[in-house]
Amino acid sequence: MEIHLNRVDYIQVGVTSQKTMRLLPALGKKATQKVAVADHDGILTCFGMKKGEAVPVFKTLPGQKIARLDLGGAAGTPQEKIFVCSGSHVRGFTKKGKQFLTFEANLTESINAMHVSGSDLFVCASYIFNHYCDCKDQHYYLSGDKINDISCLSSENLSRPVLACQDRVLRVLQGSELVYDIEVPGPPSVLELYNKDGGEDVLYGTTDGKIGLVQIGESAAATKWEIDNDKKKGGILCIDTYDIMGDGVNDILVGRDDGTVEVFGFDSSSEPTLRFEHVLSESVTSIQGGCVGKESYDEVLTATYTGWVTGLTTEPQKAEAGPGDEVRMSKEIQSKVEALRAELEQLQVKVLQGREQYQQTSQSSTAVSAVPVFSINDKFTLCQDDASYSLTLEVQTAIDNLLLQSDVPIDLLDVDKNSAVVSFSECDSEQPNGNFLLATYRCQANTTRLELKVRSIEGQYGTLQAYVTPRLQPKTCQVRQYQIKPLSLHQRTHSIEQERPMNRLSLVGQFSFAEIHSWVVFCLPEVPEKTPAGESIAFYFHNTFLGTQLEATYCKGEGHFKSDNISTISILNDVLSKEATKRKINLNISYDINDDSVSHTLKMIHPKLQYQLLLARKVQLIDALKELQVHEGNADFLIAEYRNILDESANLLEEYKKQPAHLERLYGMITDLFIDKFKFKGQNVKTKVSSLLEILDNYDLNSLLDFFNEA
Amino acid sequence: MLVPIFTLKLNHKINPRMVTVGKFDGVHPCLTAATQAGKVFIHNPHARGQRPVAHRLSQSAQDSDISLLNINQAVTCLTAGTLGPNTTGDTLLVGSQTNLLAYDVHDNADIFYREVTDGANAIVLGHLGDKPSPLAIIGGNCALQGFDHAGNDHFWTVTGDNVRSLVLCDFTGDGKNELLVGSEDFDIRVFKEDELVYEMSENETVTSLCHMHDSRFGYALANGTVGVYDRSARYWRIKSKNHAMSIHAFDLNADGVVELITGWSNGKIDARSDRTGEVIFKDNFSSSVAGVVEGDYRLDGQIQLICASTEGEVRGYLPASKDLKGNLMDSSAEQDLIRELSQRRQNLLLELRNYEENAKGVSETNSGVGVIPANTQLQTALSVRPATEAQKAHVELSISTPNETIIRAVLIFAEGIFEGESHVVHPSAQNLSGCVRVPIVPPKDIPVDLHIKAFVGGKTSTQFHVFEITRQLPRFSMYDITVDSSAAPPTGRVTFSINDRPQRVVMWLNQNFLLPEGVDSPDITFNSLRGGGLLSISMASNGQITLRTDDIDLAGDLIQSLASFLAIEELSAEADFPGYFEELHTTLTEVDEFHSVHQKLTAAMADHSNYIRNMLVQAEDARLMGEMTTMKKRYRELYDLNRDLVNEYKIRSNNHNALLACLKSVNQAIQRAGRLRVGKPKNQVISACRDAIKSNNINALFRIMKAGTASS
């Protein structure tokens, strides 16, 4: 069953944050609904559609950036009061735009997630959760990692807040206490109740694009289903449930940060299946199902990063055919266009005046020029599948060019979606400038979003800088920095296998808990900046490329790192001793190397390496086999293996294209392993690397193992 | 939205840019393309299974609609069209690195098979200038050659570098076709018969050309640029990160004007308006596009646009019907208009906000914003820097701020002088200052616009002001006026006379060289920073100018630049470049040697293949007789012989490549001798040189190059 939805743009407001657009409940049956949307300029806009034109109901004055918007109201009445949070304030508005509530939460940080239910207000600011009832402080909880979103299950007498935390955990609270936590497959970014009227089911979406449904029970949770992100679409920013298909079952509406809008329906076996997909050109920050444009036509309403409120409606598009060759526009649209043009003309005059004034100030010797900061929506994340970083940058107007600079060796990979023309500039990696990468991206007109892929090498750390210049006068550019950490390919995980042979690195010295935590933050991604509560802490990681693991446990004056990969230990050893020396702290480093771990790691690499070698060999043969086939007219004379290669050639090529330089990376890791193994024994084996490469060229697991043991 | 009206999967790979449509029996159009293993396939769905199997042609076993033509050489170009006066159908022309084959598919017979030493990189078929019969014109290594239906050579000229694309169109609007040639030295040249009438410089190898309408034509470059020229003026161009594989003119939206259809390396097809370059239609293949052609493939009287991908997928598109109203894409024009207007409004609002916020003034504490004095202006200067121990010779661009602000980074976008399209200078955080020096080494003598973007702010800023400045680098910037007197004077020289005042020459010098103070006399000496020794220019009172340099290319560039500056239409010159002529002499003797080696090797190969035939018969005999030892022995011998043949092949191919390189330099020499003259004298030199080479009269060749004419 498929549906077809047509896109209609309604209005554009300022830049919007995640979950800042909601539909107000309909007044009568099948009437159109009003939309409330809040933006970074601090303006809350409420509008309705009348004859295809957006008619504002009210609009507040500009102020501080609004981070969230929610609807609420006394239990049992329509949820039509609008709550917005900006900084540490929460304000409430009636549907007519009258402000009835100002509440100062007295938090030191800005609120970044909020949930309203009856007289209960739940707010979160990075690590802190606060519950207020009738504006009175009720409960408080300090989370171990950043809180991305909050939702709350409420029944008559009990409310059960659920926090989505960056460390891949949903935390279920009761009062100020943690009841239990739920491990999810990625860092959760959004939570939504599956059933708006109650129930125990909560939908979550992750920053790496996965969606799941969990049932929050009394003392434990059960995962009902999960949707993986095979097609490598963007991360989830918003979810809603609405019966857009009209089959009596609520469908799931999803908005992603690469602009994808999806509708999942349920088949007879209650498994979610994709029914509709549409790609907008920018992040979808809010999504909701309802009826806005025209009565009795349901639609999926979205708000995007640059503030477009767009509907995907079930209303069929009118046939535009009319007599004559001209494309006839409907009257409504014509008047809309005229109004816009008139407004543009006025603006143009104003802008010209502004420009002149700006030019004049350049004559004065005392005046300064300071252009306000423009907003950039950026994300730098490690992709698990291909062990590379993806950098996305989004600006509210078109990007003119982007300069990437890095002081560590990294590879920049081509992204198909990206239409910008890239040019690599010659760079001098030696001092004084120390640039390893200088690349410019010249963007095509109307590019507001850029996606790049970067491949790092573990052990080489530094900073990647992106200078973004939008097409906006007076021209300015903004720089964003991204840390490439020493163990950049590691990702947090919930647990590790203890049976593997492990190498251990121990540190003892006069350092505080905060100090060793800052070192760990320096070395590894996905560790919260804040020093954890308590006396000691344990973090688990796995290497996304090789699948090896790392356990870090530390407390004041003591730290232990365990990994089955000797290279990981070696990198940690180097970096930690360097950091400690920098701070003049005397460290006592001891290690305990398990020789079995090397062969264990090699055996783990073995299937990957073998697969890659086989793939490379097959791909090499494809062209020759095809030529034979053409020459002979058919492929019947070939042995089955070759015929098989021919049949699968398209898949093989695609597979091969998907992971460029995979083999080289594996070779590099094995070489590191070899050098590191002997480094701990105090031997320098760099001279033997060439014979190692020879063995790799004629790869066989046993001869490789022998070589590692003998050398 | 426009959708394909037919899709075919041909199961044969298609070589890029080697696709054509021919009506070989005069009626049915057949898609014809080069495929792997030196074969050409002909897809003929209209006359199924009536094809005799003989000679070169064989039926494909996989698909009954496809016939395969064996060329036995890697195909480099192909086309189809009317060549002979009395043939019923189209002639298929197939070029390879060494040969050109004209083939009658319908009668299954060769029309002619000619050896072409310069290779055939591109081919075009049609009428050129006043020539009475259509010619098949091939472009090879620096040479152009045209053949008529009998295989007679009716047209020959040389061009600056290896030819990559050809098209015939009425460029001058005189009702006769000119030949447009795109080559690897980034130039598009226009030949009116064998006279070069125009030259347009691009910044990459010109890979495709196509005629749009009247004097308008489309072009594509190897760096992903496509665009449209009207005569010698560029209308528009766009650049993509993908490469344009094939371009074609077709009226897809049925508005009476053709669009430029481009097939890209990532499988995208797009149609762009010839006026603005705006995309009016696009579609995607799963693999790279190999060719875009047109033909009435359904035999219903309507011409379709036919696109083929390298994996053998073919799609046909009919021009849009009336009710699409030129709107071929899946979107609503109204929505787009509103969106665009709103976007503009948003941009203006943002700009306005910038001015308002700026007028309000900002607190000095917020240093991240990058507050700079409003009167900050960037100073740029270009200067020539001779080589030092630490650095090669270069042109230095220095950019500085007048106050305490710093330059965080400098981006320079320019065409043709950097590896990519841009060059970046990004000092490390410790080395930030208000002055940045950028060394530039232009590889060729071309005038370049440097689009400079400098990020200016404070040391700790996260937002910077972007200053955009455009500076022009003069054509001859790598020449330093400060001359080392000890250097040996150049032996080469060119002398010619002009009827112009010396002041005009001085003006030309000041515009085209990087002179710090400017000069007031046309007698001047430079030091070439690319290591070409000295260059001296002197002008006598009677208007006679002497250029002294050892670099014949530079002399040619100078003369062409001066002639276009002074609007000289005809200029003859006397030249002598002893060093270069000596080299050329050696090359010419080498060519003879390579030719004789080539003949010897060919004879040896023929011998060997006879041996093989004998030995194979012997070996098979032995096998049938059951004499296994003899059979083994024979096969071993055969194996050895095979190895010898492979080795010989390698020698032969090396010899061939060396020969090609020599021939190329001979062709280039003719071109260079031509470039020392302008207009008619230039063409006279080229054709006289060509005659001298034909008659193998080397002395005459040098005489012509020196004096400009064969006589005297």
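Structure summary
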{"read-out": "Set B:ALA555, B:ALA575: member being outside any helix (DSSP H, G or I) and crowded, with 20+ Cβ neighbours inside 10 Å", "value": "B:ALA575"}
{"read-out": "Residue match in the range A:497-509 (condition: in a loop (DSSP other than H, G, I, E, B), surrounded by 15 or more Cβ atoms within 10 Å (Cβ to Cβ), aliphatic (A, V, I, L, M) and modelled with pLDDT under 90)", "value": "yes"}
{"read-out": "B:LEU676 of a type in the set (A, V, I, L, M, F, W, C) and out of contact with any strand residue (DSSP E or B) (no Cβ under 8 Å at 6 or more places or on another chain)", "value": "no"}
{"read-out": "Scope the range B:151-174; condition open to solvent by 20 Å² or more (accessible area, probe 1.4 Å), part of a loop (DSSP other than H, G, I, E, B) and farther than 22 Å from B:CYS662 by Cα; matching residues", "value": "B:ASN152, B:ASP170, B:THR172, B:GLY173, B:ASP174"}
{"read-out": "Residue check, A:SER330 at pLDDT below 85, more than 7 Å from chain B (Cβ to nearest Cβ), farther than 30 Å from B:PRO373 by Cα and in contact with a helix residue (DSSP H, G or I) (Cβ under 8 Å, 6 or more places away or on another chain)", "value": "yes"}
{"read-out": "Residue selected from the range B:493-538 under the condition without any contact (Cβ under 8 Å) to a residue 24 or more places away in the chain and hydroxyl-bearing (Ser, Thr, Tyr), by the criterion farthest from B:LEU571 (Cα to Cα)", "value": "B:SER521"}
{"read-out": "Unmet criterion (only one of (1) outside any loop (DSSP other than H, G, I, E, B); (2) touching a residue at least 60 places away in the same chain (Cβ under 8 Å); (3) of a type in the set (D, E, K, R)) for B:GLU468", "value": "(2)"}
{"read-out": "In the range A:619-650, the residues that are open to solvent by 60 Å² or more (accessible area, probe 1.4 Å), more than 12 Å from chain B (Cβ to nearest Cβ) and either in a helix (DSSP H, G or I) or more than 23 Å from B:ILE14 (Cβ to Cβ) (or both)", "value": "A:GLN620, A:ILE639, A:ALA640, A:GLU641, A:TYR642, A:ARG643, A:ASN644, A:ASP647"}
{"read-out": "Test: residue in the range A:260-278 that is within 21 Å of A:ILE3 (Cα to Cα), within 14 Å of the chain's Cα centre (by Cα) and either at pLDDT 85 or above or aliphatic (A, V, I, L, M) (or both)", "value": "yes"}
{"read-out": "Qualifying residue in the range A:567-587 (condition: over 22 Å from A:PHE513 (Cα atoms), at pLDDT 85 or above, in contact with a Leu (Cβ under 9 Å, 6 or more places away or on another chain) and assigned to a loop (DSSP other than H, G, I, E, B))", "value": "no"}
{"read-out": "Residue list for the range A:486-527, restricted to those being touching a Leu at 6+ places or on another chain (Cβ under 6 Å) and either free of Cβ contacts under 8 Å to residues at least 60 places away in the same chain or closer than 30 Å to A:ASP400 by Cβ (or both)", "value": "A:CYS523, A:LEU524"}
{"read-out": "Selected residue (only one of A:VAL371, A:VAL351 is in contact with a His (Cβ under 9 Å, 6 or more places away or on another chain), within 7 Å of chain B (Cβ to nearest Cβ) and under 25 Å from B:GLY370 (Cα atoms))", "value": "A:VAL371"}
{"read-out": "Residues (modelled with pLDDT under 85 and open to solvent by less than 20 Å² (accessible area, probe 1.4 Å)) located in the range B:702-712", "value": "B:GLY708"}
{"read-out": "Odd one out for B:LEU616, checked against (1) open to solvent by less than 60 Å² (accessible area, probe 1.4 Å); (2) without any contact (Cβ under 8 Å) to a residue 24 or more places away in the chain", "value": "(1)"}
{"read-out": "Answer residue from the range B:416-432, given it is in contact (Cβ under 8 Å) with a residue 12 or more places away in the chain and crowded, with 19+ Cβ neighbours inside 10 Å and is farthest from the other protein chains (Cβ to nearest Cβ) among those", "value": "B:ILE417"}
{"read-out": "Search result, residues across the range A:420-476 that are at the interface with chain B (Cβ under 7 Å from one of its Cβ atoms) and on the phi > 0 side of the Ramachandran plot", "value": "A:GLY434"}
{"read-out": "Every pair of residues 6+ apart whose Cβ atoms lie under 7 Å, when the first sits in the range A:400-417 and is assigned to a loop (DSSP other than H, G, I, E, B) while the second is among the basic types (Lys, Arg) and open to solvent by 20 Å² or more (accessible area, probe 1.4 Å)", "value": "A:ILE410/A:ARG455; A:VAL415/A:LYS453"}
{"read-out": "Single residue of A:VAL214, A:VAL263, A:VAL284, A:VAL202 found to be touching a Ser or Thr at 6+ places or on another chain (Cβ under 8 Å) and over 27 Å from A:THR493 (Cβ atoms)", "value": "A:VAL284"}
{"read-out": "B:ILE412 being closer than 20 Å to B:VAL456 by Cβ, within 12 Å of another protein chain (Cβ to nearest Cβ) and in contact (Cβ under 8 Å) with a residue 12 or more places away in the chain", "value": "yes"}
{"read-out": "Boolean, A:THR273 is surrounded by fewer than 20 Cβ atoms within 10 Å (Cβ to Cβ) and in a strand (DSSP E or B)", "value": "yes"}
{"read-out": "Spans of strands (runs of 3 or more DSSP E) in the range B:199-291 with at least 3 residues surrounded by 21 or more Cβ atoms within 10 Å (Cβ to Cβ) and free of Cβ contacts under 8 Å to residues at least 60 places away in the same chain", "value": "B:206-213, B:216-221, B:225-230, B:244-250, B:259-264, B:268-272"}
{"read-out": "Strands (runs of 3 or more DSSP E) wholly inside the range A:113-205 that include at least 1 residues being free of Cβ contacts under 8 Å to residues at least 40 places away in the same chain and more than 18 Å from A:ILE239 (Cβ to Cβ)", "value": "A:120-125, A:128-133, A:136-142, A:169-174, A:177-183"}
{"read-out": "Test: residue in the range A:40-53 that is more than 29 Å from the chain's Cα centre (by Cα), among the hydroxyl-bearing types (Ser, Thr, Tyr) and within 24 Å of B:ARG339 (Cβ to Cβ)", "value": "no"}
{"read-out": "Any chance A:LYS530 is touching a residue at least 40 places away in the same chain (Cβ under 8 Å), open to solvent by 20 Å² or more (accessible area, probe 1.4 Å), within 14 Å of chain B (Cβ to nearest Cβ) and among the charged types (D, E, K, R)", "value": "no"}
{"read-out": "Boolean, B:ARG623 is in contact with a helix residue (DSSP H, G or I) (Cβ under 7 Å, 6 or more places away or on another chain), open to solvent by 90 Å² or more (accessible area, probe 1.4 Å), modelled with pLDDT of 85 or more and farther than 30 Å from B:ASP118 by Cβ", "value": "yes"}
{"read-out": "Filter result (surrounded by 16 or more Cβ atoms within 10 Å (Cβ to Cβ) and more than 16 Å from B:GLU195 (Cα to Cα)) within the range B:134-150", "value": "B:PRO134, B:LEU135, B:ALA136, B:ILE138, B:GLY140, B:ASN141, B:PHE147, B:ASP148, B:HIS149"}
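The values are calculated or read from the model by the stated rules, or taken from the named source; none is laboratory data. Keep in mind it's a predicted model, so treat the numbers as computed, not measured. Neighbour counts are summed over all protein chains in view; Cβ atoms, including those assigned to glycine, are modelled from backbone coordinates with ideal geometry. Heavy atoms of the whole protein, side chains included, go into the accessibility calculation; ligands, DNA and RNA do not. Shrake-Rupley method; radii C 1.70, N 1.55, O 1.52, S 1.80 Å.
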